[in-house]
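Participant: Please read through the structure below; I'll follow up with questions.
Since every read-out is calculated from the coordinates, none of them should be taken as a lab result. Because the structure is predicted, anything quoted here is derived from the model rather than measured. Positions of Cβ are backbone-derived with ideal geometry, glycine not excepted, and every protein chain shown enters the neighbour counts.
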Amino acid sequence: MTKYEQAIYELIESSRSHMTAEQIYAALKQRYPTIVLATVYNNLKKLSQSSRVRKVIVEGQPDRYDRRTRHDHLICADCGALLDIDLGDLTQQFQERVPEPLLGYDLRLLYRCEACRRKRVDNPEEGERQP
């Protein structure tokens, strides 16, 4: 691993905030002033393709990056807030219902965060337009 790849990997492994490439770049820029955003994107691509980090895709949001430790996600349907949730390993339960061997799964549960629920109560006509 290059020094940048290692630094990005360590940053993601130590974080629980599901950072975007731009957030990772800003964090690394303090330590490596000459780093460029393209370097971050290239290394994130390598890390996700090699399954060292997990890319979390939420429609309408920038891609975020997460550690590979087994966990699932709660995603606010309105604002895209992303939280970790540990439901245990459900692989065996899924495998019993799927005829082909599973390689893994990425469970994302949609919900409405407290701030978005409050917004809907305060502005009911605005809440009607959102999913």
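Participant: Evaluate the relative contact order of segment 61-131 (contact order divided by residue number), counting alpha-carbon pairs under 8 angstrom at least 6 apart; express in whole percent. Spell out each step's value before the answer.
Facilitator: On the way: 66 pairs, mean separation 23.0, N = 71.
Computed value for segment 61-131: 32 percent relative contact order.
Participant: Between GLU114, GLU22, GLU100, find the one with the highest GNM mean-square fluctuation for the chain; connect C-alpha pairs within less than 10 Å.
Facilitator: It is GLU100.
Participant: For segment 32-85, which trypsin sites (Lys or Arg not before Pro) are both in a DSSP coil and crowded by at most 15 other Cβ atoms within 10 Å? Provide the component values of the computation, followed by the final result.
Facilitator: Values: sites: LYS45, LYS46, ARG52, ARG54, LYS55, ARG64, ARG67, ARG68, ARG70; in loops: ARG52, ARG67, ARG68, ARG70.
Counting only loop positions with at most 15 other Cβ atoms within 10 Å, the trypsin sites (Lys or Arg not before Pro) in segment 32-85 are ARG68, ARG70.
Participant: Here's another thing I want to ask about it. Which whole-Hz couplings ³J(HN,Hα) result when phi for each residue of segment 103-115 is put into the Karplus expression 6.51 cos²θ - 1.76 cosθ + 1.60, θ = phi - 60°, listed in order with x for Gly and Pro?
Facilitator: For segment 103-115, the Karplus-derived couplings read 8, x, 7, 9, 8, 10, 9, 8, 8, 10, 5, 4, 4 Hz, x marking Gly and Pro.
Participant: Sticking with this one: Which residues' amide hydrogens lie under 5 Å from the amide hydrogen of MET19, considering only partners 5 or more residues apart or on another chain, with H built in the peptide plane?
Facilitator: Residues meeting the criterion, in which the H sits 1.01 Å from N, are TYR65.
Participant: Going by amide H atoms built from the backbone, whose H comes under 5 Å of the H on GLN61, apart from near neighbours?
Facilitator: It is none; the list stays empty.
Participant: Something else: By a straight-distance test (C-alpha under 16 Å), which lysines pair with LYS46 as possible cross-link partners, with residues fewer than eight away in the same chain excluded?
Facilitator: LYS46 reaches LYS3, LYS55.
Participant: Give the aspartates and glutamates reachable from LYS29 as a straight Cα distance under 16 Å; neighbours fewer than 8 places away on the same chain don't count.
Facilitator: The reachable aspartates and glutamates, counting only those whose Cα sits under 16 Å from LYS29, are GLU5, GLU10.
Participant: Using Cα pairs closer than 8 Å and at least 6 residues apart in sequence, work out the relative contact order for the chain, in percent.
Facilitator: Answer for the chain is 19 percent.
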